[in-house]
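For reference, the structure is listed below as structure tokens.
Derivation of every value follows stated rules applied to the coordinates shown; laboratory data play no part. All figures in this text were calculated on a predicted structure; none of them were measured in a lab. We place every Cβ from the backbone using ideal geometry, glycine too, and count neighbours over all the protein chains shown.
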Amino acid sequence: MSPTRVLVLNSGSSSVKYQLLDMRDGSRLAVGLVERIGEESSQLKHTPLATGETRGFTAAVPDHDAALKAVAAELAKDGLGLDSPELAAIGHRVVHGGKHFTAPTVVDDTVLAEIERLIPVAPLHNPANLTGIRTARALRPDLPQVAVFDTAFHTTMPESAARYAIDVRTADEHRIRRYGFHGTSHAYVSRATAELLGRAPEEVNVIVLHLGNGASASAVRGGRCVDTSMGLTPLEGLVMGTRSGDMDPAVIFHLMRVGGMSADEIDTLLNKKSGLIGLCGDNDMREIRRRIDEGDEAAQLAFDIYVHRLKKYIGAYYAVLGRVDAVAFTAGVGENAAPVRAAAVAGLEALGLTVDGELNAVRGDAPRLISPADARVAVAVVPTDEELEIATQTYALVKAAQGRP
Ligand code: AMP
């Protein structure tokens, strides 16, 4: 029988998250992560789904090579080792694929060199992603390694949406354009939304709101992305847990000239100390809601700013698409925070957007509609599954390369 398992690896600078899936039905066989790689007290947590019992250790894991070997050892204890003939491929999340990578790609030396060439536009992410790929390749050189890019889904954006209105030569020289991120999630959720409506993705226009700690919106026409809120980096667009999202770029010159701050300090300010945490000291929407219930004004203002930006993007993408069939909420906040969903579409009845209070309050893991049955535009909660999407794309590519149906 042909191998049907895919290992999905998400390698960060000091962590590796992984899931092993069986692509016959997309089920999980094992999930886990290694955190604080390079420190004395690295931590591994591993859960085989057969028992559901999490085990692991806290000990020094010096580098990604050691981390992956530790993961392989845990998987082997469950009879799921990396040497298993049932393993079809390893799928790697790669954050930045630039303009070049428009689809998942089987990794070879040329692909690695190209991902490396993109490091200047993704200094925080691509080096760690590369380390993960190189380590996995060394462990199983015979196995297809597939890179699945966060940016790929957005490469269909027209130039009118992807270009910044700055000097073209400067932009081209430094590869400055809007790339977009969370693409794997936007692809999965837009397709799953069409499925929820019982229609083909090609027929449906969807606004996807991926609201996690990082947050982005996208306008998807007939299954293809035509605009998205993140840009050269994941800093642009919506208000996020710790990132500012959109603002006048002159704030940066002002902070340099008047505030005496360095580029690195401003980078940290806007990426790590802004957004919800900068506004009210908390980046977790649960905590912000709790504080609002207690009458906390800073939390209320943070919530209002968050929702105001969200609403602006819904309106903007409505205009970009012309006709909208569905608005889909996903990720930690989008899937769980009913007050955010209600506030984001409040007052948009003229656009055909309303939320049914009772449906919105229902909790669950399945994709579901929260708009009234007769609503002109469907409003939906569609839980994202980036690992399943990476595994699905990886498996499809490997099967196609082998000429399998
Ligand atoms: P993610 O990046 O998709 O994992 O989302 C993480 C964020 O989701 C957290 O920082 C919270 O703000 C938010 N979140 C998670 N669970 C809930 C919940 N039950 N209610 C409201 N917000 C939630």
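Among Arg169, Arg55, Arg191, the residue with the largest mean-square fluctuation in a Gaussian network model of the chain, with springs joining Cα atoms closer than 10 Å, is Arg169.
Here the chain is assigned +1 on the Cβ of each Lys and Arg and -1 on the Cβ of each Asp and Glu. Its dipole about the Cα centre then comes out at about 520 debye. Of all DSSP-defined beta bridges confined to the chain, some 70% are antiparallel rather than parallel.
At a Förster radius of 45 Å, what calculated FRET efficiency corresponds to the Cβ-Cβ distance of Glu265 and Arg24, to the nearest 0.05? Please list the in-between numbers first.
On the way: r = 51 Å, r/R0 = 1.13.
Result of the calculation: an efficiency of 0.30.
Take the Cα of Arg376, go 7 Å toward its beta carbon, and the backbone nitrogen atoms of the stretch 351-368 under 17 Å from that spot belong to 351-356.
Give, in nm to one decimal, the length gained when the segment between Thr156 and Asp65 is fully stretched (0.36 nm per residue of separation minus the Cα-Cα distance). Don't skip to the answer; put the middle values down first.
Numbers: separation 91, 0.36 × 91 = 32.76 nm, distance 3.53 nm.
Going from the current span to full extension adds 29.2 nm.
Round to the nearest 0.05 the FRET efficiency obtained for Asp167 and Asp83 when R0 = 51 Å and r is the Cβ-Cβ distance. That gives a FRET efficiency of 0.45.
The angle separating the long axis of helix 126-139 from the principal Cα axis of greatest extent in the chain is about 20 degrees. Electrostatic bookkeeping for Tyr164 treats Lys and Arg as +1 and Asp and Glu as -1; over the other residues with beta carbon under 15 Å from its beta carbon, the sum is -2. Distance between the 7 Å Cα→Cβ label points at Ala138 and Thr110: 2.6 nm.
Quick check: from the Cα gyration tensor, does the stretch 1-149 come out rounded (a/c under 1.5), prolate or oblate? Verdict is oblate for the stretch 1-149. In this Cβ point-charge picture (+1 for Lys and Arg, -1 for Asp and Glu), the stretch 126-225 has a dipole of about 160 debye about its Cα centre.
Within straight-line reach of Lys45, meaning a Cα separation under 29 Å, sit the following lysines at least 8 residues removed in sequence or on another chain: Lys17, Lys69, Lys77, Lys272, Lys273.
Can you tell me the length gained on complete extension of the stretch Leu49 to Ser2, counting 0.36 nm per residue apart and subtracting the Cα distance? Provide the component values of the computation, followed by the final result.
Working: separation 47, 0.36 × 47 = 16.92 nm, distance 2.23 nm.
Extending this stretch completely gives an extra 14.7 nm.
When the chain is treated as a Gaussian network with alpha carbon springs shorter than 10 Å, the biggest mean-square fluctuation among His186, His254, His64 belongs to His254. As a proxy for reagent exposure, Ser42, Ser15 were ordered by neighbouring Cβ count within 10 angstrom, fewest first; the result is Ser15, Ser42.
In this simple spin-label approximation, Arg363 and Glu294 carry label points 7 Å from Cα along the Cα→Cβ vector, and these lie 2.0 nm apart.
Spacing of the modelled spin labels on Glu349 and Asp246, each 7 Å from Cα toward Cβ, amounts to 2.6 nm. The slack between Lys273 and Arg175, meaning 0.36 nm per residue of separation minus the straight C-alpha distance, is 32.6 nm.
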